[in-house]
Amino acid sequence: MAGPASIARDQLKSIIERIEKLEEEKAAIAGDIKEVYAEAKANGYDTKTLRQIVRLRKQDSAERQEAEALLDLYLHALGMAPSAED
């Protein structure tokens with residue numbers, strides 16, 4: 001007869017095994033992504049820019065506009081943005 005401790009142990013073991021399997025899959029996918037970036041680099045693409053584009057595409061339009069506005073504000077504050085006279 002299985003007691004509560006046995007059931008909890010089995011459930012915990014199942015959860016841990018699922019997490020481990022997903023971690024393995026995540027590592028495999030990360031390797032695949034790395035290969036795609038290497039292929040892009042071999043074809044002359046700048047991987048830093050590609051990563052930035054991927055990150056931007058994950059954002060919705062409002063989020064992206066807010067980030068761009070903040071960047072512009074900070075660049076102006078540091079004197080790094082072109083002035084209206086340029």
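The values are calculated or read from the model by the stated rules, or taken from the named source; none is laboratory data. Not measured: the values here are computed from a predicted model. Virtual Cβ from ideal backbone geometry, glycine too; neighbours counted across all protein chains shown. Protein only, heavy atoms only, side chains kept; ligands, DNA and RNA dropped before computing areas. Shrake-Rupley method; radii C 1.70, N 1.55, O 1.52, S 1.80 Å.
Protein heavy-atom surface of the chain, 1.4 angstrom probe: 58% of the accessible area is carbon and sulfur, with nucleic acids and ligands not counted. For segment 1-47, just say rounded, prolate or oblate: build the C-alpha gyration tensor, square-root its eigenvalues into a ≥ b ≥ c, call rounded for a/c under 1.5, and beyond that prolate if a/b exceeds b/c, oblate if not. Because a/c hits 1.5 or more and a/b exceeds b/c, segment 1-47 counts as prolate.
Given R₀ = 22 Å, what would the calculated FRET efficiency be for L75 paired with T49, taking r from the Cβ atoms and rounding to 0.05?
Details: r = 18 Å, r/R0 = 0.82.
So, using R0 = 22 Å, E works out to roughly 0.75.
Expected output is a single nm value to one decimal: the length gained when fully extending between V36 and A8, i.e. 0.36 nm times separation in residues minus the C-alpha distance. What is it? Could you put the intermediate results ahead of the total?
Numbers: separation 28, 0.36 × 28 = 10.08 nm, distance 4.19 nm.
The V36-A8 span can extend by a further 5.9 nm.
The length gained by stretching the chain between I16 and D60 to full extension, at 0.36 nm per residue less their Cα-Cα distance, is 12.4 nm. Electrostatic tally near E24: other residues with Cβ closer than 14 Å to its Cβ, Lys and Arg +1, Asp and Glu -1, net -2.
Which of rounded, prolate or oblate describes the chain when judged by the alpha-carbon gyration tensor and an a/c cut-off of 1.5? Oblate, because a/c is 1.5 or more while a/b does not exceed b/c. Number of Lys-Lys pairs in the chain with C-alpha atoms under 29 Å apart and a separation of 8 or more places or on different chains: 12.
On a per residue basis, the chain carries 93 Å² of accessible surface, using protein heavy atoms and a 1.4 Å probe.
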